[in-house]
1. Identify, by number, the condition in (1) surrounded by fewer than 21 Cβ atoms within 10 Å (Cβ to Cβ); (2) part of a loop (DSSP other than H, G, I, E, B); (3) under 21 Å from the mean Cα position of the chain (by Cα) that A:Ala218 doesn't meet.
2. With respect to B:Gln86, determine if the residue is in contact (Cβ under 8 Å) with a residue 12 or more places away in the chain and under 22 Å from the mean Cα position of the chain (by Cα).
3. Does B:Leu88 fit the bill of being assigned by TED's automatic domain parsing to the domain that holds B:Gly66 and surrounded by 18 or more Cβ atoms within 10 Å (Cβ to Cβ)?
4. Can you list residue pairs whose Cβ atoms sit under 8 Å apart, with the first residue in region A:95-118 being without any contact (Cβ under 8 Å) to a residue 24 or more places away in the chain and the second being aromatic (Phe, Trp, Tyr) and not in a strand (DSSP E or B)? Count only pairs 6 or more apart in sequence or on different chains.
5. Hey, A:Ser23 hits all of (1) part of a loop (DSSP other than H, G, I, E, B); (2) polar (S, T, N, Q); (3) over 30 Å from A:Met170 (Cβ atoms); (4) touching a residue at least 40 places away in the same chain (Cβ under 8 Å) but one; which does it fall short on?
6. Counting just the residues of region B:209-253 that are over 25 Å from the mean Cα position of the chain (by Cα) and among the β-branched types (Val, Ile, Thr), which one comes out farthest from the other protein chains (Cβ to nearest Cβ)?
7. Among the residues of region B:168-190, is any of a type in the set (Phe, Trp, Tyr), within 13 Å of another protein chain (Cβ to nearest Cβ) and either under 15 Å from the mean Cα position of the chain (by Cα) or under 30 Å from A:Ala16 (Cβ atoms) (or both)?
8. Checking B:Val31 against (1) more than 19 Å from B:Tyr77 (Cβ to Cβ); (2) of a type in the set (A, V, I, L, M); (3) part of a strand (DSSP E or B), which test does it fail?
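The values are calculated or read from the model by the stated rules, or taken from the named source; none is laboratory data. All values derive from a computational prediction rather than experimental measurement. All Cβ positions, glycine included, derive from the backbone under ideal geometry; neighbour counts span all protein chains shown.
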Amino acid sequence: MSERIRQKLQILADAAKYDVSCSSSGSNRKNNNKGLGDASNSGICHSYTEDGRCVSLLKILLTNHCIFDCAFCVSRKSNDVQRAAFTVDEVVELTMGFYRRNYIEGLFLSSGIFKNADYTMERLVRIAKKLRLENNFNGYIHLKTIPGASEELLTEAGLYADRMSINLEMPTAAGLKLLAPDKSHDDVKKPLGFIKDSIIALKDEKKIIKSVPKFVPAGQSTQMVIGATPETDMEIMYSANEYYKNYDLKRVYYSGYIPISYDDRMPMIGSQPPLLRENRLYQTDWLMRFYGFDVHELLNVKNPHLDIDIDPKLSWALRNMEQFPIDINTAEYQMILRVPGIGVGSAKKIVMARKFGRLRSDQLQKIGIAYNRAKHFIRCADSIFQINEPDALHVKGLILSESKSKYLKIPQNQLALF
Amino acid sequence: MDIYVFDGTMEGLLTAIFEFYERKPKTIQLVSQQHFQPVLLDEVYEVTSDENKAQRVWQGLKKKIGAEWLLRFYKAYLSEDAATFQQLFQFSCYIFDSPTGAEKNFGHPAVLAVTQMEKSVNRERHRMTAFIRFEETIDGIFYAPIEPDFNVLPLISNFFKNRYADQRWIIYDLKRHFGLYYDLNKVEEIVLEETPNIKTPADLLYGKEELYGLLWKDYFKSTNITARKNMKLHISHVPKRYWKYLTEKREIE
């Protein structure tokens, strides 16, 4: 018995690992039934794998049997891998047992499509329902929305899940068509829109009637695979921006493609996953969501690709030198946020602290800004008067010569010559 | 300079601040009994903890900085760090001697020092909520031994009480020789006669515990993507000193 369950867990965790979402944040579910679990609003990473990714949820597939044959997916029908399927009780018992030992924040349940969408979705819902209603489980549940599942099933899923997600898979509709002819972005948009509307409707209702149940309290997210198809960074981020805006998504995840197939439409097995590119896309995503940048400022027809050697914030600043230097003691908060080397926390501290007197460079350093980077873009109380306008290329050279980025030492995903 | 020696408790620290304002020396150094090393030239004053005096300082601070900042003050105190005690003293003086709102002056060294230490203590608290691993004992109690850098047990009590409301649990601080016990109704502080080892003997554990440990290790291995291996990042997220708690990082004996 124990050997069988170990084997299943190994197969179905391995098959689920390419879904990069690990977030357990954003839910407000409370333990008010004296049951097990209490959501942590900020989420908790209980461990990190050797690839440095967070382990927060028990992330598994219900089964890796699948009727589809998507080229980028390890569970595609034509792939010769071991197949397995959990029973409903097995998933429930694993989740409860892991949660009780403080291994996890909850369950992330996805599945290959067996028979059809409704059949698969119904199984996922049954597990979430059993955890909530029979086991009094208040931990985090992230359910995959199966495209094509009925609205009744999606509504029921939303009552038990904290977060739901559907993957766009490829950043553009054309890219998806190329690798997964059975799928389309429209299949994703429909359920995303339906759940978004249901969340809004129930929220409005809750204002009037207190007892309205929670419905996907941590919202929806999606994922795109990067580097399997030839989109530019601009296309990727414009697509992300559109989904953030139209579907009110909490997160878009960018997953550097890891070659898992000999399909000649995609990078070959053994080529490096585009980790740096992925990192730059996340930085851009953060600038859009927390730093008040519009995606068109960071990426546009003139600059369709993010710089490899410097981060997108520095890159933007160097393209817009006429806006700098700014005076730390008088500039607006929004502008301080745009200085390379100053984060949200430091920007807030600066704005509060400067009311007590003009800030000097030593104070800024103690507050925790990356001064060696920021100094080229700011003036403070003890700045020396400069006659020459700083020159972008010169500043870039100075910053790069001091930087110790780990990426400069790792070989990048270059095209093979032979 | 006068050296004020207090007993290391929060009450003692607050009493010392009270005494400073009553006795009005020019400047003092605040040292806990534990860190105190007798010196020749300075005058030493032994602070006797006094609940009333401590309360007056606490309430005085509360009036000036509010509940949120009081909690920060308390968290910084839990660092048990010698330099932080002195910073807390200087922070209090700065607050009492300035108009309200002074705690927002992040340009002031004491304000910044208290804020930064509070951040460190918070991080350790957060790590304990993440890295604690319970093992079920034969008595059906979920037990976890810890050795945190700072005294964070008081900060995680409610977190675990709310989360594990339907199971009895014990979290024991092996370094500070006390723990928390939740009996399905309330959390109590307990002191064991003999401080246990970090590794709990197998014969005290529930039969299925070994299987759960194995399943978790299996999961941890299977969910890793070898092509993305990045040990530097891994270790910066899970510093080696925490590996002793982690079922998934412990060596197989």
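1. Against the list (1) surrounded by fewer than 21 Cβ atoms within 10 Å (Cβ to Cβ); (2) part of a loop (DSSP other than H, G, I, E, B); (3) under 21 Å from the mean Cα position of the chain (by Cα), A:Ala218 comes up short only on (1).
2. For B:Gln86, the condition - in contact (Cβ under 8 Å) with a residue 12 or more places away in the chain and under 22 Å from the mean Cα position of the chain (by Cα) - is met.
3. Criteria met by B:Leu88.
4. Filtered contacts from region A:95-118: A:Gly97/B:Tyr212; A:Arg101/B:Phe134; A:Arg101/B:Tyr212; A:Arg101/B:Trp216.
5. Every listed condition holds for A:Ser23 apart from (3).
6. So the residue we want is B:Ile252.
7. Looking for residues that are of a type in the set (Phe, Trp, Tyr), within 13 Å of another protein chain (Cβ to nearest Cβ) and either under 15 Å from the mean Cα position of the chain (by Cα) or under 30 Å from A:Ala16 (Cβ atoms) (or both), one finds at least one in region B:168-190, hence yes.
8. Answer for B:Val31: the failing condition is (1).
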